[in-house]
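Read through the structure below, which is laid out as structure tokens, and then see the notes.
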Amino acid sequence: MAGQLPYDNRPWPERRDAALQNQTMRHTIGFVTRRFTLIKGEIYRTSPDLEASRKTAVGQKRQAIRDLPQLLEQFRNQVERRGAHTYLAAQAQDAVDIALNIARSHQAELVIKSKSMVTEEIELNQAFEKAGIPVRETDLGEYIIQLAKERPSHILAPAAHRNRHQVEELFQADASREKISPPQSDEIEDLTRYARSRLRQEFLRADMGVTGGNFLVAETGTLVLITNEGNADMVTSLPPVLVSIVGVEKIVRDWASLTEIIQQPAMSGIGRHLSSYTTMIQGPKSPGSVEGPREWHVILVDNGRMALRDTEFEDVLSCIRCGACLNACPVFREVGGHAYGSVYPGPIGIVETPLLTDFQVLPELPSALCTLCHACQEACPMDIALPDHIISLRHTIVKRHLNSSTVNWTLRTWARFWSTPGGYRRSISLARVMQRLSGKKRNAQGLFPGIFAGWGQTREIPQVAPKTFHEWWQEWKERAEEK
Amino acid sequence: MAVDEGILRRFEEEWQGNAGKIFHIVQAEELQTVLTDLADANGVSDQNPIVVSGLSEKWAQWIRTWNMKQVYIWNPEDEAEEFRHRCADASVGITGCAWAAADAGSVCLYSQKDSSLLPSLLPPVHVVMISAAQIVSTFREGMDRLYRDARQGGEWPALVKIVAGPSMTADIEGQLILGVHGPRDVYAVIVDN
């Protein structure tokens, strides 16, 4: 069954222009992505054992996806044996309903959350707010964009599009709403201190916690959470009720598989052996323990994932959400996450968004936001064949007639001319004539009919030379023979 | 058991690479000096005490004989809610650990009845005490150890936590800041046998 994904309904050119005009975002995204790419390369070079682990992990993860139904069953048995509750949500809406029911049955008044892409995918916060249950994001970046009512612009650095002055404004407004003392200045240190004390009170007060999950281990019934801030530790330790919402594809077979893969997100994401905090939950707290939830619910989300099994796109389900493909992508580096219009940006996003939704959501992504440079392929620690998938998706889009008729006509015409040398030569002479007629000396921009007009708007199109190389060569040869 | 100097050095390097700090001690008096300095530097008071959990009996004894009144050592007989409040207000938290891994510069803590994770999480300073013999060479060995411990114990601890550095973020303009939600400073106190 196709999944449901939220999206930005502005057309791509509008999203693109908005992104390109946002200098703050472009500066930070440019800086962050290049640095992450650099340190990722460095740490794998200096840790050959972890490069070996990575290769093993890829094979094990592929097998786990093939065995997904059995492994999910095993995971559920394991954690239920320890007193946790598990659910399988077929679609986004089901996951939201289950989570809401849990919150309502406990009359939850404040929910605290650690970062989770799948809850962005199912729009959990919006549903809770609508039901009158406040949800507080506690990852610093997520907290900032929650105040700004925005979506993440990067998987790992959700607020990378906002600078310190903009963050201070948001915090000032928050402080006056909450009647607490505002940040002392717009220094990043002071802003972080404000968030710490503001969120600390909510951590201690909240009656329900929500987490995502980096890995599920079928053999042991373990959920693994990775953060640098320690907020997932707060969420798993303090509230009496914990709900973990996790994509079904996060599963690994056994402890040995976890051992191979557990360091890969930090290695590929931030260039460290481990993030500052790795937390493993095995069940509700045992009586007498100081921390941990009395009740633990795990919602396993399908939302279009299971349908990708046994297809050529199956390897997409191995993604560990490290962000390495985003960081390496020359398109992402320029436009950042918002321009994609999906909760999943970057190369993995342009593949997953149409796939999870059976092309219902943003089918133009694989065509519009990729240069086929293959940098993502090289960056992906899970060896996901992103460029191949992008090409394949472009084929599917044509086959399923998802392009507009103008686009199809233009591309067919172009293909007809350029698929033979004669056609190519004719098109060049035609362009030369058009260029002369239009009186534009500089370049051939604005000469294009149909879709090409739009194509030319955002590209520097070179001037058509008065003579092609072949023509010049022919003339040169003839002159040489005359001599 | 003889301590492998190579492993010890590697742990120190990686732990410091993760922005952690190190002390070496061999006996009770040294621990007390280290802790007195930390208490002075971090404003320990009646309102902001030191909270302790998960130490071996010998080390807990070292702490008890230290002449410091604002110290709370978790005892499973005590009220959990009260200890939680103490942790929320505490200025320094002290814990033991189950094992430490040299190549990742990390320590692993199990949440059990007699060992709470809160002292490692809520106060701005976390001091983790490690016996040199607890340090394994690779994180992989640590993971094996965790698996064995859980199997032998018959039941998995509800929560397991691996710490590799202080709480940190680079969410605003990509600038690294320590101490977001968890501790700003993490100290490893290595006790040579």
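Laboratory data are not the source of any read-out in this text; all were calculated from the coordinates shown. Remember, it's a predicted structure, so these values are computed and weren't measured experimentally. So basically every Cβ, Gly included, is an ideal-geometry build from the backbone, and we count neighbours across all protein chains shown.
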Partner shielding of A:246-253, taken as the mean number of other chain Cβ atoms within 10 Å, equals 0
Given the C-alpha centroids of the stretch A:252-300 and the stretch A:67-95, what is the distance between them in whole angstrom?
-> 16
Number of partner chain Cβ atoms within 10 Å, mean per residue of B:110-116 = 5
Residue separation between A:Arg35 and A:Leu204 times 0.36 nm, minus their alpha-carbon distance, gives in nm 57.3 nm
Projected-area average for the stretch A:118-181 over all orientations - Cα convex hull basis, square nanometres | 4.7
Using per-residue counts of other Cβ atoms within 10 Å, averaged over each peptide, order A:19-28, A:187-196, A:208-217 from highest down.
-> A:208-217, A:187-196, A:19-28
The distance between the Cα centres of the stretch B:136-193 and the stretch A:152-201, in whole Å, is 27
Work out the FRET efficiency for A:Thr458 and B:Asp89 from their Cβ-Cβ distance, taking R0 = 56 Å, and round it to the nearest 0.05.
-> 0.45
Calculated FRET efficiency for the pair A:Tyr7/B:Asp46, C-beta based, R₀ 45 Å, to 0.05 | 0.25
When the label point is put 7 Å from the Cα of A:Arg425 along its Cα-to-beta-carbon vector, which residues of the stretch A:458-483 have a backbone N closer than 12 Å?
-> A:468-475
Sorted by number, the cysteines in chain A with no other cysteine beta-carbon under 4.7 Å are A:Cys319, A:Cys322, A:Cys329, A:Cys370, A:Cys373, A:Cys380
Which of the GluC sites (Glu not before Pro) found in the stretch B:1-78 are in a DSSP loop and have at most 12 neighbouring Cβ atoms, other than their own, within 10 Å?
-> B:Glu77
Using packing as a proxy for protection, rank A:156-163, B:186-193 so that the peptide with the highest average count of other Cβ atoms within 10 Å comes first.
-> A:156-163, B:186-193
What FRET efficiency comes out for the pair B:Thr65/B:Glu5, r = Cβ-Cβ distance, R0 = 35 Å, nearest 0.05?
-> 0.70
May I ask you to order A:116-126, B:98-108 by the average number of other C-beta atoms within 10 Å around their residues, highest value first?
-> B:98-108, A:116-126
Residue span A:Gln172 to A:Leu437: 0.36 nm per residue of separation minus Cα-Cα distance leaves a gain in nm of 89.4 nm
Potential lengthening between A:Arg62 and A:Gln93 on full extension [0.36 nm per residue; Cα-Cα distance subtracted] | 8.4 nm
Average partner coverage of A:283-296, which counts Cβ from other chains inside 10 Å | 6
